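To start, the structure under review is shown below, and the notes come after it.
The values are calculated or read from the model by the stated rules, or taken from the named source; none is laboratory data. Given the structure is predicted, the values throughout are model-derived calculations rather than measurements. Please note: Cβ atoms are built from the backbone with ideal geometry, for glycine as well, and neighbour counts cover all protein chains shown. The protein model used for the area step is the full one, side chains on, heavy atoms only, and it has no ligands, DNA or RNA in it. Shrake-Rupley method; radii C 1.70, N 1.55, O 1.52, S 1.80 Å.
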Amino acid sequence: MRIELERRGSASPLFSVISPILSLLLTLVFGAILFWLLGKGPLSALYSFFIDPLTEVWSLHELAIKAGPLILIAVGLSVAYRSNNWNIGAEGQFTLGAITGSILPVLVPSWHSPLVLPLMMVMGMLGGALFAAIPALLKTRFNTNEILTSLMLVYIAQLFLDWLVRGPWRDPKGFNFPRSLDFSSDAVLPPLLDSGRAHASIIFALLAAVLIWFMMRYMLKGFEVTVLGRSERAGRFAGFSSRRMVWFSLMLSGALAGLAGISEVSGSIGHLQPSISPGYGFTAIIVAFLGRLNPLGIIASGFVLALTYLGGEAAQLSIGISDKVTRVFQGLILFFVLSCDTLILYRVRIIFGAGKTLAEGKH
Amino acid sequence: MTDARSVEAGSLLSVRGLTKYFGSFAACNGIDLSIAPGEIHALLGENGAGKSTLVKMLFGVLQPNAGDIVWGGSSVSIGSPGEARALGIGMVFQHFSLFEALTVAENIALSLDPRIPLAKIAEEAASLSKAYGLPLDPNSHVADLSVGERQRIEIVRALLQNPKLIILDEPTSVLTPQEADRLFETLFKLKAEGRSVLYISHRLEEVQRICDRATVLRHGKVTGACDPKQETPASLARMMVGADVAAVHREEAPQLGDVLIEAKGLSVAARTPFAVALKNVSLTVRSGEVLAIAGVAGNGQGELFDALSGEYPVADDASVSIRGQAVGRTGINGRRLLGAGFVPEERHGHAAVSDMSLSDNLLLSRSRSDRKSFLSGGLLSVIRHDAIRETARRICGEMDVRKSGDDPNAASLSGGNLQKFIIGRELDRKPSVLIVNQPTWGVDAGAASRIRQALIDLARAGSAVIVISQDLDEIFEVATNIAVISEGKLSPSYPAGELSLERIGLLMGGIHDSTRHDQSAQAEAALAH
């Protein structure tokens, strides 16, 4: 017996739209089973995981704080993925953007000027873009696989940050804790509203999503991204360069990840420390796919995944299970998104014996 | 039909009401067919007529939804190619399934019982290939063999099973005329032994020459069963197409003007191990001229197209010039701006992106040359979808592109209609130079004649046209001058009227005669061997 995936004649447009919703529903069903196996009431557990965080103003602010970097990174990744460049290292570009963005407040803390914040943001984007240029260089020069190189660079960036805050950038008055000195008020993204902590990163994210959406839908550049992603040969026929697209898409996604990194450090943390991200760069991959690589869809999916972070914390407090459950839910979502997408394009055939077809997905 | 029924009693294979649905589309709809022992039976039809679906059902690759297959008097169901082989049906597919890194004998062994020793297979293959006039060295590597030799492996592989019926899918589409003649001799030998051959083709002359009976398919139905020797090519074509194919009209003495495209000593190294290097290619095409470049597939046609189109620019700027300007180092869009248009061989994924709409595919080749009308917003380059859709509509109207919906995806069009769109996309610009690689490959007869006429009309209006083609009928139909490419070398070009089929065949086989004395001696020497 063997199982075969057979390509469908055409993908159902209805199910292409329903698929993300269907995969979220399946995640909820399996989440309920998970809670039940852990001996918790499935419904009340799901309530405290997914609904509770939405009932209070401060937690809505937290939701925006978590959604900001996720959307920002995922929007950049969507361009890379559409052009068939698989940047898996957004976590590293996020980290390096945080480092380069922090150069001013850490090394020249005495400089007070309204220019500090914009400069930090630009330097963060530059850092992320240049870090993403490394896999681009390796791919265009040596034909290496960007999935591997960008992923390996994540660990380099994280260890570099670790070394910085334990070594040269450690706060001399910080009682030997591995952290930089606190940013001055000129270097901190202020809260948007008095009611909570949410800061400009969510604005950056929404702005980036709308701009990238416009580019992908109405501009020749977006057309170039799509054509080269679908067929490199057709792109060459159109006069588009796939090498330049490697640089463009990787550096664009790197720049947005870097902006997310410096915004997070400047707005939410206020100093550098060994760990600055609960895996935003990796979770954003799920966000990008759940949003169907469409920047507007990514806004919605960014909030959904942000909720899993808050839900994990809430579940730890209220029903006493590990916040690792966040990772489990994120994994479930990715699994169901990818499998729903696969089943839209393919039907499953189970084949018994030699070539005899007994069961088919249809008929 | 009466013909089919009367032979049925003694037939080797007969098929009654065979039907295959893909979704709601009937690829084969109630097909009746019978093949007598020891006959060469032609299966004729346009692309998409259902020929491939029919033979796939006979070979067990697909399962019919309705109908019977009767083999040697008893009804059978053929569940897999293995069962078909066990019955005595062998098949040679159009696309070979051979491992290039393995030897001939190893490739044959893969389809046989693994317990048979390799030496025995090699010995049997060698003796079989000798007996049937298919010279083949069992120990040579497939990668080193020509397409014709590779086809022989497939035929020998089928013959080793001692089949009563051999199905050949478009076997001559990849062969030179000489290689095809050799294949026909083999087929006659098989016939003399009482084996049957089901011969799929759309080359009418061939079918008339070698086949005893023919079954013609159109839109999944049998539209005629006849003795092809009693028919004319025109009457066979009528059965295939359903209407008289418009004869291509050509002016007798074309007015030639300035040189519009020229290549001088163009040499390009092979980009990949499987590519062909171009060696010192020179050509000139004048206004009003159609230069047809003949040659067997894989002799550098794709590489020549890449170099002329600028998809892969070359190092020597002077080796290609368009309208007097050296463009060797210029990219494809720079050459388009000089008035050149290009149509590559592969429709899906090269000339067009399958899952993009026709209007997007229009923008694909014209984003730069029609920047003014298709883009706005200065540096932002905002796409003017409405203007592009309007132009796409106009092209579809002019080239008679049949499609479902206003702006469907390229993948939803049939090969012929998509090709008409792709050619129309360039013609719409009124290019002064047009380079087309295999303009009617896999295209039905109606669309093919439409496309050829358009190419001739373009030249008559004063453009220079290069047609790279493997189809000799097409070449004689459109060309004012003919050159032949072989192993990356291009022959001088000859006026179409001065070249015979035999001469082209020799050139395709790499035997270049030349007016220069020092080379003619070599050519004679080569011929003598």
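Computed values, structure above
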quantity: When residues of region B:437-453 are limited to those that are in a helix (DSSP H, G or I) and open to solvent by 20 Å² or more (accessible area, probe 1.4 Å), the one modelled with the lowest pLDDT; calculated: B:Ala445
quantity: Every residue from region A:36-64 that is without any contact (Cβ under 8 Å) to a residue 12 or more places away in the chain and part of a helix (DSSP H, G or I); calculated: A:Trp36, A:Leu37, A:Pro42, A:Leu43, A:Tyr47, A:Ile51
quantity: Filtered residue count, region B:454-496, keeping only those that are assigned to a strand (DSSP E or B) and open to solvent by less than 30 Å² (accessible area, probe 1.4 Å); calculated: 12
quantity: Any hit, region B:317-334, residues being under 28 Å from the mean Cα position of the chain (by Cα), facing chain A (nearest Cβ under 9 Å) and either in contact (Cβ under 8 Å) with a residue 40 or more places away in the chain or under 28 Å from B:Leu256 (Cβ atoms) (or both); calculated: yes
quantity: Unique residue being in contact with a Phe, Trp or Tyr (Cβ under 8 Å, 6 or more places away or on another chain) and not in a loop (DSSP other than H, G, I, E, B) when the list is A:Ala67, A:Ala129; calculated: A:Ala67
quantity: Count - residues of region B:352-388 that are at positive phi and buried (at least 20 other Cβ atoms within 10 Å of the Cβ); calculated: 0
quantity: Among the residues listed as A:Ile71, A:Ile65, the single one being open to solvent by less than 20 Å² (accessible area, probe 1.4 Å), more than 29 Å from A:Ile147 (Cβ to Cβ) and among the aliphatic types (A, V, I, L, M); calculated: A:Ile65
quantity: Set A:Ile99, A:Ile147: member being open to solvent by less than 80 Å² (accessible area, probe 1.4 Å), over 17 Å from A:Pro69 (Cα atoms), out of contact with any Pro (no Cβ under 7 Å at 6 or more places or on another chain) and not in a loop (DSSP other than H, G, I, E, B); calculated: A:Ile147
quantity: Residue ID - modelled with the lowest pLDDT, chosen from residues in region B:497-511 that are open to solvent by 30 Å² or more (accessible area, probe 1.4 Å) and in a loop (DSSP other than H, G, I, E, B); calculated: B:Ile511
quantity: Region A:153-176: number of residues that are in a loop (DSSP other than H, G, I, E, B) and either in contact with a Lys or Arg (Cβ under 6 Å, 6 or more places away or on another chain) or on the phi < 0 side of the Ramachandran plot (or both); calculated: 8
quantity: Meets criteria (outside any loop (DSSP other than H, G, I, E, B) and at pLDDT below 60) for B:Ser514; calculated: no
quantity: Answer residue from region A:218-260, given it is polar (S, T, N, Q) and touching a helix residue (DSSP H, G or I) at 6+ places or on another chain (Cβ under 7 Å) and is farthest from the other protein chains (Cβ to nearest Cβ) among those; calculated: A:Ser253
quantity: Number of positions in region B:125-155 that are surrounded by 14 or more Cβ atoms within 10 Å (Cβ to Cβ), over 22 Å from the mean Cα position of the chain (by Cα) and in a helix (DSSP H, G or I); calculated: 4
quantity: Condition check for B:Pro431: buried (at least 24 other Cβ atoms within 10 Å of the Cβ) and assigned to a loop (DSSP other than H, G, I, E, B); calculated: no
quantity: For B:Ile422: the one exception among (1) part of a helix (DSSP H, G or I); (2) open to solvent by 30 Å² or more (accessible area, probe 1.4 Å); (3) within 11 Å of chain A (Cβ to nearest Cβ); calculated: (2)
quantity: Selection count, region B:335-351, where residues are open to solvent by less than 10 Å² (accessible area, probe 1.4 Å) and more than 7 Å from chain A (Cβ to nearest Cβ); calculated: 6
quantity: Check on B:Gly377, more than 11 Å from every other protein chain (Cβ to nearest Cβ) and small (Gly, Ala, Ser); calculated: no
quantity: Tabulated pairs, region A:1-30, first in contact (Cβ under 8 Å) with a residue 60 or more places away in the chain, second polar (S, T, N, Q), C-beta under 8 angstrom, 6+ apart or interchain; calculated: A:Leu5/A:Thr342; A:Pro20/A:Ser301; A:Ser23/A:Ser339
quantity: Hits in region B:103-118 - residues which are touching a residue at least 24 places away in the same chain (Cβ under 8 Å) and closer than 15 Å to B:Leu136 by Cβ; calculated: B:Thr103, B:Val104, B:Ala105, B:Asn107, B:Ile108
quantity: In region B:18-30, the residues that are buried (at least 17 other Cβ atoms within 10 Å of the Cβ) and either within 14 Å of chain A (Cβ to nearest Cβ) or of a type in the set (A, V, I, L, M) (or both); calculated: B:Leu18, B:Lys20, B:Ala26, B:Ala27
